[in-house]
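One structure below.
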Amino acid sequence: MTHKLLPIVLGAALGLTATAASAATLDDVKAKGFLQCGSNTGLAGFAAPDDKGEWTGLDVSMCRAIAAAIFDDANAVKFTPLTAKERFTALQTGEVDVLVRNTTWTMSRDTTLGLNFTGVNYYDGQGFMVRKSLGVSSALELSGASVCVQTGTTTELNLTDYFKANGMEYNPVVFEKLEEVNAAYDANRCDVYTTDASGLYSIRLQLTNPADHIVLPEIISKEPLGPAVRQGDDQWFNLVKWVHYAMLNAEELGVTSANVEEMKGSDNPNIRRLLGVEGTFGESIGLSNDWAARIIKHVGNYGEVFDKTVGPDTPLGIARGVNALWSKGGLQYAPPIR
């Protein structure tokens, strides 16, 4: 009898331990009254303080959306600016609750760092920026060009592979520090600048004459950027993941920050479930059932955030492209709330 009971008791104990562990981050966030979000030190359009010192950007909006879901307050968040070298350690040690810092989801990061990526809030990839005066509209027209690139990076390797695969020649102009690459391109020491496309749009704003430069349409690598959380906390992982999905579903269903209250009266069951009018979906991630309505009310749907932070009418001027909804030719796709 003792031997038969032992596995049952141990199983129950392990189940309780797992349940307690899964709620740890959300409990801690609620207890301190704010979300601690790891962000970039300053990347225009994604995470940077404005002239009033308020953090704004696509990644910042994701942090604010998580805070809105939990506290019904998009300002219940504090930002920890992190360099590329610091970012993973800060999340691993609990200095931040979530990392939303234009970070690429890769296999090694997903399996060896003790982290889980919750989704892709911006599909990115390596691109090329040139002066309009060069008269090219495609990267395939760059044979023989001089290209500024940061040495010792995957960017440099991707550049070599791309030109070799397309039978083109180029003259690399390499520098160790990013600031040196920026200065060299701005000083016309090379014809082309290559790095992640989102970085190019941001760097363009820092050039002496931003309007003189364009980012070419070709993307030559996969750089899926998204939030990351610590492994071992399934409830927090699900919460952060579904905040992003709620914003995508809201855009697809036509629910915006302007009409969210009106939409609560919709007869569409998908909208009613999203906004917490039907079902108890919020309870499954430790939140109130109007969690998604809070996000949309305070922050907006994904399309609203994109347009406001990096879209065509912003200084960055980025088209939706692959970040459009799947129903409009893009890659952004959310599972249903049901």
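General observations
- Dipole moment magnitude, nearest 20 debye, segment 193-338 about Cα centre, only Lys, Arg, Asp, Glu C-beta charged: 140 debye
- The portion of the accessible surface of segment 104-203 made up by carbon and sulfur, rounded to a whole percent, is 49 (1.4 Å probe; DNA, RNA and ligands excluded).
- Across segment 177-191, coupling constants 3J(HN,Hα) worked out from phi with the 6.51/-1.76/1.60 Karplus curve, θ = phi - 60°, read 9, 4, 4, 5, 5, 4, 5, 5, 5, 5, 8, 6, 7, 8, 7 Hz, and Gly and Pro carry x.
- Here Lys308 is the anchor, and the aspartates and glutamates within straight C-alpha reach of less than 20 Å, apart from those fewer than 8 places off in the same chain, are Asp50, Asp51, Glu54, Asp59, Asp73, Asp124, Glu251, Glu252.
- Student exercise, the chain dipole from Lys, Arg, Asp, Glu Cβ charges, in Debye to nearest 20: 560 debye
- The angle separating the long axis of helix 234-253 from the principal Cα axis of greatest extent in the chain is about 70 degrees.
- A straight chain from Glu283 to Ala187 at 0.36 nm per residue would run longer than the Cα-Cα distance by 28.9 nm.
- Cα gyration tensor, segment 205-286 - rounded (a/c under 1.5), prolate or oblate: oblate
- The alpha-carbon positions of segment 187-338 define a convex hull whose volume is 140 Å³ per residue.
- Taking Glu304, Glu54, Glu261 as the candidate residues, the one with maximal mean-square fluctuation in a Gaussian network model of the chain, Cα springs under 10 Å, is Glu54.
- Whole-number accessible area per residue in Å² for the chain, which is evaluated in the context of all protein chains at 1.4 Å: 47 Å²
- Note on the chain: dipole from Cβ charges, positive end direction compared against Phe306, Tyr185, Cys37; the farthest Cα belongs to Cys37.
- Comparing Ser146, Ser61, Ser133 in a Gaussian network model of the chain, where Cα atoms under 10 Å apart are tied by springs, the biggest mean-square fluctuation is seen for Ser133.
- Restraint check, Lys132/Lys177; Lys132/Lys241; Lys222/Lys328; Lys52/Lys222; Lys32/Lys222; Lys32/Lys52, Cα-Cα greater than 31 Å: Lys132/Lys241; Lys52/Lys222; Lys32/Lys222
- Solvent accessible area, Å² - Thr56, 1.4 Å probe, full protein context: 70 Å²
- Across segment 208-214, coupling constants 3J(HN,Hα) worked out from phi with the 6.51/-1.76/1.60 Karplus curve, θ = phi - 60°, read 4, 10, x, 5, 7, 10, 10 Hz, and Gly and Pro carry x.
- Under 5 Å from the amide H of Asp196 lie the amide H atoms of Gly127, each residue being 5 or more positions distant or on a separate chain, with H modelled from the backbone and absent for Pro and chain starts.
- Largest to smallest in accessible area, the residues Met247, Met263 fall in the order Met263, Met247 (1.4 Å probe, all protein chains included).
- Full-stretch length increase - Asn75, Val322 - with 0.36 nm per residue and alpha-carbon distance subtracted: 86.0 nm
- Around Leu91: net Lys/Arg minus Asp/Glu count, Cβ-Cβ under 9 Å: 0
- Of Gly282, Gly94, Gly199, the one that fluctuates the most in a GNM where the chain has Cα springs shorter than 10 Å: Gly94
- Sorted largest first, the spans of the alpha carbon positions of segment 251-330 along the three principal axes are 39, 24, 23 Å.
- Each residue, Asp161 and Glu262, gets one label point 7 Å from its Cα in the Cβ direction; the gap between the two is 4.9 nm.
- Calculated Rg and Dmax of segment 81-134 using C-alpha coordinates, Å: 14.7, 49
- Kirkwood Rh (inverse of mean 1/r, distinct Cα pairs), segment 245-293, angstrom: 10.6 Å
- Virtual spin-label span in nm between Glu179 and Glu54, 7 Å along Cα→Cβ: 3.0 nm
- Residues Asp27 and Asp110, FRET efficiency given R0 of 30 Å [Cβ-Cβ distance, rounded to 0.05]: 0.75
- Length-normalised contact order for the chain - Cα pairs under 8 Å, 6+ apart - percent: 21 percent
The values are calculated or read from the model by the stated rules, or taken from the named source; none is laboratory data. It should be emphasised that the depicted structure is a prediction, and the values quoted were computed from it without experimental measurement. So basically every Cβ, Gly included, is an ideal-geometry build from the backbone, and we count neighbours across all protein chains shown. Keep in mind that these areas ignore ligands, DNA and RNA; they rest on the heavy atoms of the full protein, side chains included. Shrake-Rupley method; radii C 1.70, N 1.55, O 1.52, S 1.80 Å.
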